[in-house]
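Enquirer: Have a look at this one.
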Amino acid sequence: MTKKLLFFDIDGTLLDKDKNLPSSTKQAIQTLKENGHEVAIATGRPPFMFQNLCEELDINTYVSFNGQYVVVNNEVIYKNPINKELMQSLTSFSSGNMHPLVYHNHNDMKSNIEYHPHIEESIGTLKLDRNVSFGPDFFKESEIYQLMLACEDKEEIEYSSQFEQLKFIRWHPLAVDVLPTGGSKAIGIQAIINRLGIFEEDVYAFGDELNDLEMLQFVKNSVAMGNAPESVKKVAKLITKDVSEEGIAYGLEMLGLYKC
């Protein structure tokens with residue numbers, strides 16, 4: 001079989017709602033690798049939030065920060081940090097609205113406020129082994145690839161209208177990811193395709209959320225999880241079962257790449 005390149009989102013795709021990796025998913029990924037296929041992750045998370053998963057699945061290629069930081073076989077091949085002046089403007093604007101920010105680089109995350117319940121609640125759903133520390137000048141000292149803005153849905157519109165150079169993607173009722181306009185997982189995937197020399201017809205992607213839309217539209221062989229919203233399912237070529245119902249294994253079988 002021709003070598004395939006497969007991308008998997010993490011939350012709601014590889015991991016279920018309790019942030020557990022189903023055994024059927026782990027077995028399917030192992031089989032793909034044994035059959036000579038290239039398996040990669042495409043996530044909105046920063047790298048430090050999924051290193052344990054990479055180690056468990058023996059994956060060394062990934063698109064992180066929704067396309068802003070891309071690694072192939074442990075080598076960084078593309079990065080797109082956010083402009084510092086733009087972050088300063090956003091910080092001043094959000095502070096005036098009493099909406100905190102969390103700045104992310106590839107190794108750490110720091111907030112411009114010491115504590116806020118919206119940060120605790122939203123970040124808490126990721127079930128990480130670290131907390132958000134206080135570092136209001138972190139964005140001045142480091143390359144920042146993505147921010148998290150803590151605000152409710154009704155409050156988000158003023159940001160998207162005020163900051164046309166930034167893209168706001170909601171992933172939690174109390175939080176949105178912030179990245180440069182035009183950034184997406186599709187950009188990162190293209191960088192990996194170019195590096196590995198894989199034909200586009202041999203590229204596959206699984207996803208379930210709004211930050212997967214561009215990826216699922218771009219990749220010729222796209223699969224939406226059964227737990228995805230309708231807007232995501234509409235852009236995918238196939239729809240598999242829920243992540244908790246062996247959705248990855250079932251989807252790979254639909255594609256003829258795996259036998260459950």
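Enquirer: Give the stretch 65-90 a look and list any residue that's in contact with a Pro (Cβ under 7 Å, 6 or more places away or on another chain) and either of a type in the set (Gly, Ala, Ser) or open to solvent by 40 Å² or more (accessible area, probe 1.4 Å) (or both), or say none.
Expert: Result: ASN80, single match.
Enquirer: Being out of contact with any strand residue (DSSP E or B) (no Cβ under 7 Å at 6 or more places or on another chain) and part of a loop (DSSP other than H, G, I, E, B) is the filter here, so list the residues in the stretch 1-50 that pass it.
Expert: Selection gives MET1, THR2, GLY12, ASP16, LYS17, ASP18, LYS19, ASN20, PRO22, ASN35, GLY36.
Enquirer: Let me ask something additional. Residues of the stretch 245-254 being over 18 Å from the mean Cα position of the chain (by Cα) and crowded, with 17+ Cβ neighbours inside 10 Å, which ones?
Expert: GLU246, GLY247, ALA249, TYR250, GLY251, LEU252
Enquirer: In addition: For the stretch 101-134: of the residues being within 22 Å of LEU86 (Cβ to Cβ) and within 17 Å of the chain's Cα centre (by Cα), which is most open to solvent (accessible area, probe 1.4 Å)?
Expert: The qualifying residue most open to solvent (accessible area, probe 1.4 Å) is ASN107.
Enquirer: Could you tell me which residue of the stretch 186-233 is farthest from ILE77 (Cα to Cα), considering only residues that are surrounded by fewer than 24 Cβ atoms within 10 Å (Cβ to Cβ), of a type in the set (D, E, K, R) and under 15 Å from the mean Cα position of the chain (by Cα)?
Expert: Filtering the stretch 186-233 for residues that are surrounded by fewer than 24 Cβ atoms within 10 Å (Cβ to Cβ), of a type in the set (D, E, K, R) and under 15 Å from the mean Cα position of the chain (by Cα), the one farthest from ILE77 (Cα to Cα) comes out as GLU209.
Enquirer: Look at VAL223 and say whether it is within 21 Å of GLY67 (Cβ to Cβ) and touching a Leu at 6+ places or on another chain (Cβ under 9 Å).
Expert: yes
The values are calculated or read from the model by the stated rules, or taken from the named source; none is laboratory data. None of the values given here were measured: they were computed from a predicted structure. Glycine also receives a Cβ, built like all others from the backbone with ideal geometry; neighbour counts cover every protein chain displayed. The accessibility values were calculated without ligands, DNA or RNA, using every heavy atom of the protein model including side chains. Shrake-Rupley method; radii C 1.70, N 1.55, O 1.52, S 1.80 Å.
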